[in-house]
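Here's the structure, in structure tokens; my notes come after.
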Amino acid sequence: MSLFRIFDIAGSAMSAQSARLNTTASNLANANTVASSAETAYRCRQPVFQTVMDNSAGMDPASAGVRVAGVVETTAPPAKVHDPGNPLADEEGYVYMSNVNPVDELVNMISASRSYQNSIEVLNTSRDLL
């Protein structure tokens, strides 16, 4: 594997972790939102990563990159809270909270940030070796 290929691999990792950070930020921004029905309540989103093989490298697993294949919503139901004073409450006085767990999202944010930083270290070390 060429040393120049490392820049592509680390770059794809940084792009993937950037998408993960953006998704986490969106989840945290909507953690306390309410809706008038379960169908319209915000649902936690997570990116799905996919391995990208480099055909020029002869399918060498060491030269695989990563890309974001899509973003999926969790299937966990939103919390139903009795709040008849809320203007979004349904006819029974319930509002539906998002199913985002802020603690899980903060852990996810730290993990994505550290992965991004590791990719930067790979790039810097590769540059120094060249």
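The values are calculated or read from the model by the stated rules, or taken from the named source; none is laboratory data. Everything numeric in this text was worked out from a predicted model, so none of it was measured. Reconstructed Cβ throughout: ideal geometry from the backbone, glycine too, with neighbour counts over all protein chains shown. With ligands, DNA and RNA removed, areas are computed over all heavy atoms of the protein, side chains included. Shrake-Rupley method; radii C 1.70, N 1.55, O 1.52, S 1.80 Å.
Quick notes
- Taken over the stretch 70-84, the criterion of being in contact with a strand residue (DSSP E or B) (Cβ under 8 Å, 6 or more places away or on another chain), in a loop (DSSP other than H, G, I, E, B), under 30 Å from residue 50 (Cα atoms) and of a type outside the set (Ser, Thr, Tyr) is satisfied by 78 alone.
- Test result for residue 43, surrounded by 15 or more Cβ atoms within 10 Å (Cβ to Cβ) and in a loop (DSSP other than H, G, I, E, B): yes
- Residues that are touching a helix residue (DSSP H, G or I) at 6+ places or on another chain (Cβ under 6 Å) and not in a helix (DSSP H, G or I) within the stretch 4-40 comprise just one, 31.
- Candidates 22, 55, 30, filtered to the one that is within 30 Å of residue 127 (Cα to Cα) and modelled with pLDDT of 95 or more: 22
- Subset of the stretch 66-84 that is within 19 Å of the chain's Cα centre (by Cα) and over 17 Å from residue 31 (Cα atoms) - its residue that is most open to solvent (accessible area, probe 1.4 Å): 67
- Of all residues in the stretch 9-40 being free of Cβ contacts under 8 Å to residues at least 12 places away in the same chain and within 16 Å of the chain's Cα centre (by Cα), the one that is surrounded by the fewest Cβ atoms within 10 Å (Cβ to Cβ): 29
- Members of the stretch 85-108 that are open to solvent by 50 Å² or more (accessible area, probe 1.4 Å) and out of contact with any strand residue (DSSP E or B) (no Cβ under 7 Å at 6 or more places or on another chain): 85, 87, 91, 92, 101, 102, 103, 104, 106, 107
- In the stretch 109-130, residue surrounded by the fewest Cβ atoms within 10 Å (Cβ to Cβ) [restricted to those that are touching a Leu at 6+ places or on another chain (Cβ under 8 Å) and part of a helix (DSSP H, G or I)]: 129
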